[in-house]
Structures are given as C-alpha cells and as structure tokens.
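The numbers here are math on the coordinates, done by the rules we state, and not lab data. Model, not experiment: these values are computed from the prediction. Neighbour counts are summed over all protein chains in view; Cβ atoms, including those assigned to glycine, are modelled from backbone coordinates with ideal geometry.
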Amino acid sequence: MTIAIFLAVLFACMALGMPVAFALMLTGIALMFHLDFFDAQLVAQNLLAGADNFPLMAVPFFILAGELMNAGGLSRRIINLAVAFVGHIPGGLGFVAIAASVLLASLSGSAIADTAALATLLIPMMRNNGYPVGRASGLIAAGGIIAPIIPPSMPFIIFGVTTNTSITALFLAGIVPGLMMGIGLVITWLLVSRGMQVVPQPKQSWAQRRHALLDGVWALLLPVIIIGGLRGGLFTPTEAAVVAAMYSLVISLFVYRELKLSALHPVFAHAARTTATVMFLCAAAMVSSYMVTLADLPAQVAELLGPLMQSPRLLMAAVMLLLLVIGTVMDLTPTILVLGPVLMPLAQQAGIDTTYFGVMFILVGSIGLILPPVCTVLNVVSGVARISLESASRGVWPFLLTYVGLLGLLVAVPEIVTLPAHLFR
C-alpha cells in the first residue's frame, strides 16, 4: 500500500505538470498523512537539511566552471584540437564530435552544457559538409551523455550525497565506462557513416596541429589537475570543484582573454539560476527521502524482488531495466533523488558493490536523457539544429543500441568497472 501511494502521488503530480521539486515534497507529505504523523516543522527541517550538505557545495562550483569554460573559449579550443587531428579522415567531423565529447566530459560534468556547446559549433559545420543532420544530431546527443560518467560529474556528486556513497570512488570508477562509451561511438560511427557523401575537412599540417595543441593545452590541463588531485589525495571532490572554477576563471580572463570582466555578471547569474534549480530539487528530495526511510520502502521493494536477491546479476538486470523505463519519463537528477535511496539498500543486501551500482545507476539514467519522450539532451540538440525531435530520435537509435549493448556487458561482467576502480584508488 505504501509503495502504491508513493508512486501514485509522485506520478500524478508530474502528470499534472507540477515541477518535480514540489512533486517530491507533496509525495513526502502524502506519506506523512498515510503514516498519520504530519508535522509541518518536520517538512521545513528536512528541506533545510537537504540543501545544508557540505559535499553539495561542489555542485555550484562545477556548474560555474562549465559556464566559464563555454564563455571563456576552453570548450571551443577542445573542438578545434579534435578538428586538427581527425577532421580530415572520412566521416571526420563525426570523430571530432566523439573526441570532443570525451574531452569536454572531463571538463564540465554536465550533459546539457557539453551537448549545447558541441551542437552549436559542430552541427553547422556538419550540415555545410553534407552530413545528414538527423544522424549528426543523434551522434552529438549520444556523445553529450558521456559527461555524467567521466569525472568530474555532477550526477555522481548528487548520487553520492543521496546514498552516502564515496564521491571520489564514483569519480574514479567512471573513467573506464566513460572511455568505453566513446569507443562504442567510434565503432558505431564507422558503420553508419559508410556511404555518406560528405566533404572532408582539409588536412592540417603538423605545424597547425601543434598550434592547436599548444592553444588548447590550458584546457587539457584541467582534467589532469582534477583527476591527479583526487587520486593523490590533494583535495576532496568539493575542493576539486572550487579548483576547477578558479582555474577556468583565471584561464578565461588572463590567458585566453576571451572573457571580459563586463561579461562575468551574466555568466555568474546563469550559473546561479541553474544552481538554485538543482539545490531546490535536492532540498525537496530530502522530504520524500526521509519518509521513504521511515516507511521502510526499501524493505517492501526487497520483498517484491525477493526471488532475485540471491542472484546479483539478475537483480542488476531487473533494476537497470526499471531505470531505463523510468528514464523515458523522468530526468536524471529526479531519478537519482527518488530512486537512489530506495534501490541502494537492495544492492547492499544483495552484496553488490556500492560504487559499481552507483556507476551503473548513473549510466542508465544518462541513457534516459536520449530516450523519448522526455529526452532532455535530445531536445537540446534538436533545438540547436532546428530539426524535429522525431528526426533527432531516428538519428540517435544506432548509438542508443550501442549503449544498451555496453550496459548488458557491464551487467554481465561487473569486474570491468570494479577492478579499474580499485586500481585507481
């Protein structure tokens, strides 16, 4: 009965078009009434506790770092570097999109920000060179969702805080799956780009490539600093976010000099608006999370999934399928906040490595960003490319199948994630 009330209230609120944060709060309040101990003061205390969390301080700084990178020219230089080295080969701009996706993922950690930057710069180039716009849009959308997997990743931070999982461990465990996503896209693009009548980019000389590399070296240093600092224990993920923001600010203002002091206000304002949205979601989720724990929802779900609890791989397959379905109607952050506290105890009871479960949870949630009908990232690409969502959906399906295949591989062989994670740590 408790599970039915939880799901019915949550999805009814969302079906009415209510913002997710308010839907989460009302779900928690509905559970309070169901358990017969509604207390407005308890709602307020949990709202405050949801936002008053030290690890969540990383979120505004990583958001700010992403805004500064786009405004200060770091993102553009990463794309120029990829064009210099692989733009001339057949289907080269597709490989540019993949390489830039992986590199940008290691800078900002935001799927939407990376996708918008890539689409704005690459889709006009691909359209002018004869690439099918729908397929190009699908590739860029598929590349954009690598950002939540390769550190630094804001979804990993939110998941770590919500489920009490080590954020540093999640960061380091995401490196190999993120690179595998990039390799999968390369193989798929090799197959789908055959026969495309496109105009290749002119091959650049080694002098031009060296110039592009030197021009982009300051941007390339950022992931080295973040991963090296985390691996060496020099700073925590929260401190890494501050380092990323300050580094991006200094490079944008004083090295590349593309960001003027007068332009800082809109950059900071946009970052503040995005931060407010995310933090309010986290605060509201604490109300429902508190009630999920109090109503012992994880135990009830475990009872429903009882036959699978003895087989971790079957349980993982069932959970991943559930998350794929949820991903079609819910964005990544609400999915983490709603289902993270419910499903993590199940994983622990089944003996599943919590870091591995976190990586897989975020991977499936990221795939949901390109699954219609919600498909936030796909909507961003179709808006920038000025094509219909239907055309972008047709363009993304080969890459979506690749990701589903990768997901199956990681469920079958969890050591692909767990062994490198332990080695990095």
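Below, the figures for the structure above:
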quantity: The chain - charge dipole about Cα centre, Lys and Arg +1 at Cβ, Asp and Glu -1, debye rounded to 20; calculated: 1640 debye
quantity: Mean separation of Cα contacts under 8 Å (6+ apart) over length of the chain, as relative contact order %; calculated: 27 percent
quantity: Footprinting exposure proxy for TRP218, TRP397, TRP206 (fewest neighbouring C-beta atoms within 10 Å first); calculated: TRP206, TRP397, TRP218
quantity: Sequence of GLU67, GLU415, GLU258 once ranked by neighbouring C-beta atoms within 10 Å, starting from the fewest; calculated: GLU415, GLU258, GLU67
quantity: Per residue convex hull volume, Cα atoms of region 6-143, in Å³; calculated: 144 Å³
quantity: Angle in degrees between helix 58-72 and the longest Cα principal axis of the chain, rounded to the nearest 10; calculated: 20 degrees
quantity: Cα-derived Rg to Rh of region 209-362, Kirkwood definition; calculated: 1.10
quantity: Loop-located chymotrypsin sites (Phe, Trp or Tyr not before Pro) in region 239-335, at most 11 other Cβ atoms within 10 Å (DSSP); calculated: none
quantity: Over the chain: helical MRE at 222 nm, DSSP H runs n ≥ 4 each giving -39500 (n - 2.57), nearest 500; calculated: -24500 deg cm²/dmol
quantity: Pairwise label distance in nanometres, ASN129 with ALA276, each label 7 Å out on the Cα-Cβ vector; calculated: 4.1 nm
quantity: Acute angle (nearest 10 degrees) that the helix 415-424 long axis makes with the longest principal axis of the chain, alpha-carbon atoms; calculated: 80 degrees
quantity: Fewest-first ranking of LEU322, LEU185, LEU42, using other Cβ atoms within 10 Å as the exposure measure; calculated: LEU322, LEU42, LEU185
quantity: Per-residue HN-Hα couplings for region 275-289 [Karplus 6.51, -1.76, 1.60; θ = phi - 60°; Hz; x = Gly/Pro]; calculated: 4, 4, 4, 5, 5, 5, 4, 5, 5, 5, 5, 5, 5, 5, 4
quantity: Part-to-part distance (alpha-carbon centres) for region 171-209 and region 229-269, which is given in Å; calculated: 28 Å
quantity: Length-normalised contact order for region 260-396 - Cα pairs under 8 Å, 6+ apart - percent; calculated: 23 percent
quantity: Angle in degrees between helix 154-163 and the longest Cα principal axis of the chain, rounded to the nearest 10; calculated: 20 degrees
